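Chemist: To start, I am sharing the structure in question, which I have written as structure tokens.
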Amino acid sequence: MLRQTFAASSLTAGALAALLLAGTAAPALAGKANDTLVYASDSEPENVSPYHNSAREGVILARNAWDTLIYRDPATGQYQPMLATAWKWVDPVTLELTIREGVTFHNGDALTPEDVAFTFNYVLTPEARTVTKQNVDWMKSTEVVDAHTVRIHLKAPFPAALEYLAGPTPIFPAAYFKKVGLDGFAKAPVGTGPYRIVSVDSGRGVKLERFEKYWTGGPIAKPKIGKLEFRVIPDGDSRMAELVTGGIDWIWRVPGDQADQLRTAPGVTVLSAETMRVGFLQFDVAGRATEKSPLKDKRVRQAISYAIDRQAMVDNLVRGGARVMNVLCFVGQFGCVDEGAQRYAYDPAKAKALLKEAGYPDGFEIDLAAYREREYAEAVIGYLRAVGIKARLNYLRYAAFRDALRGGKVSIGFQTWGSFSVNDVSAFTGVYFRGGDEDLTKDPATIAALQAGDTAGDPEGRKAKYREALSRIAGEAYALPMFSYPSNYAFTQDLNFTAQPDEVPRFYAASWK
């Protein structure tokens, strides 16, 4: 079943051969000759402002066009000065940072402490309509201390603060943002990063060029490649064809079968690497989508969990070093503890018995929404059908999926989360079970355990509380962790590119051979 489903989504061998022939004669449309790295993906952020989208494509743009206060070395995990040259804890809820001098925004404005305070204070307001509230809601306010210093006041102790300041918290130019507003900023964004965005074409992509006045002396050097171009190409076969024929230079999320085919293509390099991203099923435990939802019954949620052969999906569909996950986080994140949590091995007989016990001997009908890797969702639907559950797939764009989930219109959501590349469990489990917009359960015990884990000063104390929360989520089957996501990258052999586990393509560190 799995192999048949997957093969249907892959390019045929004959089609690939035709592409290879075309590729040998096609003129270069991107790449080294034009000093333009063209990369493509299947979706786009609904707004390029880093605080107003939660798509991975938005994260990529943010890391290449904006800077953060702190930098975490992806190789060592060590924190290094970036826009902040120094920092210290005044007390458990007050963090003081010295802001770097000599940094210029893409529009020529000089970076000041006022920009830092404005950014963080703005995104905390309701008017900001911040999509990524979970990345900043540990802050209470930020104040300017003097011409070189800011203080961030926390709502409560939050040991992971530095990790967040090194990731999903870029700095905006205060004067420019106040002048153009969010809508204007989305059309002509400004940062301090190694690349500056020169055009945003909704539905088609974004163009960037090297920022020649990028500041020196920090952890990121001026890029070697002059221009970047992000293109939105929803169809996987089309992305593959563009790569082989020289229309684009870099693609990712290449299905395993297509990655195998591309390894035979001349001029193409293929890399496979596990990432921090985890796929999971989230259940409408409260029954908001359907008043008499079977999902209100723990036995039904457990039946679904036993019905799906996650290991077979890893072996035959996902591949590339993926692993089955038993708790709702990535095992490499701080605090992601799976010891003692209930496991759900593939057991369709047990699933049927639980459904019968819950009063559904003949199964039931239900909706399942997804927004990426359609073949994975279809495989899940096949497993559910085998135990009598008839699931209808509602395949949506990410923004529509997220809004439907938040609005209580999704019974089962098949989604993924990459934690904004934050190496702390608070960036994963807390997003979906700490009482926020994405929390479909609102379980007081789970919320309390996660909050205690977030604020505990002792690392072992944090782990203990996270273990408590993760075990409860697994035991109650509030969600079913599926597997980690590998990423198959395919790119022109003219490109030097290194993949990182945090799923951030650092194009500013790439170069032509």
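Chemist: Here are the criteria: (1) surrounded by fewer than 17 Cβ atoms within 10 Å (Cβ to Cβ); (2) not in a loop (DSSP other than H, G, I, E, B). Tell me which single one L317 does not satisfy.
Modeler: (1)
Chemist: Ok, one more. Give the residues of region 290-324 that are aliphatic (A, V, I, L, M) and farther than 14 Å from R343 by Cβ, sorted by residue number. Full working, then the answer.
Modeler: The initial filter retains those residues of region 290-324 that are aliphatic (A, V, I, L, M), namely 295, 300, 303-304, 307-308, 312-314, 317-318, 322, 324.
Result: L295, V300, A303, I304, A307, A312, M313, V314, L317, V318, A322.
Chemist: If you check K155, K133, which single one turns out to be open to solvent by 50 Å² or more (accessible area, probe 1.4 Å), in contact (Cβ under 8 Å) with a residue 60 or more places away in the chain and within 25 Å of the chain's Cα centre (by Cα)?
Modeler: K133
Chemist: Any idea how many residues of region 284-324 are under 25 Å from E357 (Cβ atoms) and either under 20 Å from the mean Cα position of the chain (by Cα) or free of Cβ contacts under 8 Å to residues at least 12 places away in the same chain (or both)?
Modeler: Count: 4.
Chemist: Among the numbered criteria (1) among the small types (G, A, S); (2) within 30 Å of K463 (Cβ to Cβ); (3) more than 24 Å from the chain's Cα centre (by Cα), which single criterion is violated by A358?
Modeler: (2)
Chemist: Kindly indicate the residue of region 264-289 that is of a type in the set (D, E, K, R) and not in a strand (DSSP E or B) and also most open to solvent (accessible area, probe 1.4 Å) among those meeting that condition.
Modeler: Applying the filter and picking the extreme gives R288.
Chemist: Checking K292 against (1) at pLDDT below 95; (2) open to solvent by 20 Å² or more (accessible area, probe 1.4 Å); (3) in a helix (DSSP H, G or I); (4) not hydroxyl-bearing (S, T, Y): exactly one of these is not met. Which one?
Modeler: (3)
Chemist: Do we find a residue being in contact (Cβ under 8 Å) with a residue 60 or more places away in the chain, within 23 Å of N53 (Cα to Cα) and surrounded by fewer than 21 Cβ atoms within 10 Å (Cβ to Cβ) anywhere in region 98-117?
Modeler: Yes, because at least one residue in region 98-117 is in contact (Cβ under 8 Å) with a residue 60 or more places away in the chain, within 23 Å of N53 (Cα to Cα) and surrounded by fewer than 21 Cβ atoms within 10 Å (Cβ to Cβ).
Chemist: Check V425, V431 and return the single one that is surrounded by 20 or more Cβ atoms within 10 Å (Cβ to Cβ), of a type in the set (V, I, T) and in contact with a Phe, Trp or Tyr (Cβ under 6 Å, 6 or more places away or on another chain).
Modeler: Testing whether each residue is surrounded by 20 or more Cβ atoms within 10 Å (Cβ to Cβ), of a type in the set (V, I, T) and in contact with a Phe, Trp or Tyr (Cβ under 6 Å, 6 or more places away or on another chain) leaves just V425.
The values are calculated or read from the model by the stated rules, or taken from the named source; none is laboratory data. Values in this document were obtained by computation on a predicted structure and should not be read as measured data. For neighbour counting, all protein chains shown are included, and Cβ atoms are generated from backbone atoms with ideal geometry for every residue, glycine included. Keep in mind that these areas ignore ligands, DNA and RNA; they rest on the heavy atoms of the full protein, side chains included. Shrake-Rupley method; radii C 1.70, N 1.55, O 1.52, S 1.80 Å.
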